[in-house]
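Enquirer: Quick one: the structure is below, questions incoming.
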Amino acid sequence: MTDEKPSWARRIAAERAARDWSQRDVVRAMRAHAPSELPSDDSMVRQWKRWESGQGMPDDFYQPVIAATFGTVTHAIFPAPTRRDGNAEIAAASGMETLEIVGRLAKSDVDNATLDALRITADRLCSEYPFMPSEQLLIEGRQWLRRVVDLTRQNLTLAQHREVLALSGWLALLVGCVEYDSGNRHGAEATRRAALQIAQEADHAEIGGWAHEMKAWFALTTGDYHGVIAAARAGTEAAGSHGVAVQLAAQEAKAWARLGDRRQTEVALDRGRRLLEGLPHPDNLDHHFVVDPYKFDFYAMDCYRLVGEDKLARTLATEVIRTGTDFDGTERSPMRNAEAKVTLGVAAAREGDLEQAVTYGEAALKGERQSVPSLIMVSRELAAVVRNRYSTEPAAQEYLTHLQDLGRAKPGFLPS
């Protein structure tokens, strides 16, 4: 039965169907992305049928070809080697409880073990970003940021000083993100600027790239699309070959999609895809400042929704929810899942199914862990379709009122 097929087999079948391609069509498309000559069409079609039925996974040669054909990266479709549990690794590696770390800092006992414990603590906090309640994460993040910043006033070696600066930079980025999620735009911008200043002082390209990425994100959610492009390009120049360059390309693609330039959208997405394909698979997918293959599906989903490719957007939204949900139904990526639900709602609304559209839209607003500005931004797109097509329907009016109430709670992000 279909449900018994591996997820990668279901994915490639769904990707093909979303493009209205026959199996022969997909084989022909693969030839444009293959580094060498492929077997005959008849032979490849037989092989494709076996892959779609789940009878043997494509090998290392065909996996990136298939991924490129569908505009994504290899490990977004095909499972990566078993990764370590990031949270378990952090807990095992620290060897210190919070009280012990704080005690050492109070005594100015800054040795390498203490710095290692601080680094692991910062990694833990960044890994809890997707699901920890924002109020709690903000309190903890600020507490650790103050402690680490205080260390810069102590007598440190040059190497220790740079390590402490880097730790304070990562924590500032995290705090800024959570402040913005919570609707504190001005506080988030001040924290972002502090992170950028730290990056410049420490000569840390990756932190600098993320500080520019945050500026692009802020601009995106407030409708300054040319500002997004400018920030993304400045960040790309600063970031070099670090993974943040992928997310910067994605933010640029999102801006071009909202400006209605499909060609530039696809150029930016493909640039990000090529960068990500060349990066090693990350050990800890929960870390907020790590770009993983599943995030790329999330980026592309947003762009396809904006350019009206509803079948592709729906296919990717389904994948985002699948990979962002554990086997027991727990959402490990609730903020991504919420935006995927809005995408499914947009597709349903455009197809004339108001009931399903509103169901998805309301489900997206119910999550406890939210990035309010991002959620309002994408929900506004669903609201526009609902308002234009179903403005007199009671269900539509109820959803629009709910969304307006959410916007009033965060006036800086009030939908238009």
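The values are calculated or read from the model by the stated rules, or taken from the named source; none is laboratory data. Note that this is a predicted model, so its numbers are computed, not measured. Neighbour counts run over all protein chains shown; Cβ positions are idealised from the backbone, glycine included.
Enquirer: If we keep just the residues of the stretch 151-182 that are among the β-branched types (Val, Ile, Thr) and touching a residue at least 12 places away in the same chain (Cβ under 8 Å), which is farthest from Asp111 (Cα to Cα)?
Expert: Val178
Enquirer: Are any residues in the stretch 17-37 without any contact (Cβ under 8 Å) to a residue 24 or more places away in the chain and assigned to a helix (DSSP H, G or I), and if so, which ones?
Expert: Matches in the stretch 17-37: Arg24, Asp25, Val27, Arg28, Arg31.
Enquirer: Right, something else. Does Ala245 fit the bill of being among the hydrophobic types (A, V, I, L, M, F, W, C), in the same structural domain as Ala122 (by TED's automatic domain parsing) and within 15 Å of the chain's Cα centre (by Cα)?
Expert: Answer is yes for this residue.
Enquirer: Just give me the residues in the stretch 351-372 being buried (at least 18 other Cβ atoms within 10 Å of the Cβ), farther than 21 Å from Glu309 by Cα and aliphatic (A, V, I, L, M), in sequence order.
Expert: Leu365, Val372, listed by residue number.
Enquirer: For the stretch 325-342, which positions are under 10 Å from Gly367 (Cα atoms), touching a helix residue (DSSP H, G or I) at 6+ places or on another chain (Cβ under 9 Å) and not hydrophobic (A, V, I, L, M, F, W, C)?
Expert: Within the stretch 325-342, the subset under 10 Å from Gly367 (Cα atoms) is 331, 334-335, 337-338.
Subset that is touching a helix residue (DSSP H, G or I) at 6+ places or on another chain (Cβ under 9 Å): 331, 335, 337-338.
Scanning the stretch 325-342 gives Glu331, Asn337.
Enquirer: Can you name the condition, by its number, that Ala257 falls short on among (1) closer than 28 Å to Ser127 by Cβ; (2) crowded, with 17+ Cβ neighbours inside 10 Å; (3) not charged (D, E, K, R)?
Expert: Going through the list (1) closer than 28 Å to Ser127 by Cβ; (2) crowded, with 17+ Cβ neighbours inside 10 Å; (3) not charged (D, E, K, R), Ala257 breaks only (1).
Enquirer: Something else now. Count, please, the residues in the stretch 376-391 that happen to be closer than 21 Å to Ser182 by Cα and of a type in the set (S, T, N, Q).
Expert: 1
Enquirer: Return the residue satisfying two criteria in turn: it lies in the stretch 120-155 and is outside any helix (DSSP H, G or I) and hydrophobic (A, V, I, L, M, F, W, C), and of such residues it is farthest from Val291 (Cα to Cα).
Expert: Result: Met132.
Enquirer: While we're looking at this one, here's another question. Select from the stretch 43-76 the residues that are closer than 18 Å to Arg24 by Cα, of a type in the set (A, V, I, L, M, F, W, C) and in a helix (DSSP H, G or I) and list them in ascending order.
Expert: Scanning the stretch 43-76 gives Met44, Val45, Trp48, Trp51, Val65, Ile66, Ala67, Ala68.
Enquirer: Just to be sure I understand the filter: pairs with C-beta atoms under 7 Å, separated by 6 or more residues or on different chains, first member in the stretch 118-143 and within 23 Å of Gly367 (Cβ to Cβ), second member crowded, with 17+ Cβ neighbours inside 10 Å and of a type in the set (Lys, Arg). Which pairs pass?
Expert: Phe131/Arg369; Pro133/Arg369; Ser134/Arg369
Enquirer: Is one or more of the residues making up the stretch 373-387 of a type in the set (A, V, I, L, M), over 30 Å from Trp8 (Cα atoms) and surrounded by fewer than 16 Cβ atoms within 10 Å (Cβ to Cβ)?
Expert: yes
Enquirer: Here is a follow-up. What residue, among those in the stretch 39-75 that are in contact (Cβ under 8 Å) with a residue 24 or more places away in the chain and aliphatic (A, V, I, L, M), is farthest from Tyr299 (Cα to Cα)?
Expert: Looking at residues that are in contact (Cβ under 8 Å) with a residue 24 or more places away in the chain and aliphatic (A, V, I, L, M), I get Met57.
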